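Presented below is the structure to which this report refers.
Please treat every number below as a calculation from the coordinates, not as lab data. Note that the structure is a prediction, hence the values are computed from the model and not measured. Cβ sites come from the backbone with ideal geometry, for glycine too, and all protein chains shown count toward neighbours.
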Amino acid sequence: MKKAKKIISNVITGVLFVNLILMAFLVVSSKASGGEPQAFGYQLKSVLSGSMEPTFQTGSIIAVKPVDAEQAKKLKKDDVITYVTSDEILVTHRIIGVTESGDQVMYETKGDNNQTADMESVLSDNIRAVYSGFTIPFAGYFIDFAQSKEGSAILLIGPGVLLLAYAAFSIYQGLRELEPKAKKEEETTEKTA
């Protein structure tokens, strides 16, 4: 029974510690990049609309690989790209047509859930990333929360407080186990004296 308790205790401590490190990474990474967090060369973007459903649901996180100007010129039909619109908004849509004109490449895009193609074609210079195929449904709500002031504070402080509370509980449990042993030793010493 004691061995099982110790294993459970170690697992809980490990989970809380990993949670603390993960939350710190997400919050610091998103603040440092000025937007979405980055991991292993990929940016994590939150899906804010349903224009690409069912490929990804509103509130999902998608991983996109940043591309440079030369890579952006080599994209093809059916690639899912993240680009900047003339209004300085990031959009992730699918390429449905490619037009080359000299050194310039223009892409016609459309959201999978939209009835018509996007009004403006996308210049290759405006492409920021290509969808990697990795999606976590509904985790985007969490990232948006983590980027807020309240979310950052809660996600950094919360796991730390839980870890400290669990450590205090573990110490209390350990002290409770030591008391009966100390009394037993005291009684044994008194009987032999």
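Sort 97-105, 64-72 by packing, meaning the average of other beta carbons within 10 Å per residue, with the highest value first.
The peptides rank, most packed first, as 64-72, 97-105.
So for MET52, MET1, fewest C-beta neighbours within 10 Å to most, what's the order?
Ranked by crowding around the Cβ, least crowded first: MET1, MET52.
Sequence-distant or interchain residues sharing an amide H contact under 5 Å with GLY50, placed H: which?
Answer set, sorted by chain and number: none.
Can you give the FRET efficiency to the nearest 0.05 for SER9 and PHE134, using r as the Cβ-Cβ distance and R₀ = 41 Å?
Calculated transfer efficiency: 0.75.
How high is the relative contact order of region 35-143, given as a whole-number percent (alpha carbon pairs under 8 Å, six or more residues apart)?
33 percent
Measure off 7 Å from each Cα along the Cα-to-Cβ vector at GLN71 and MET1, then give the distance between these two points in nanometres to one decimal.
In this crude label model, GLN71 to MET1 measures out at 5.8 nm.
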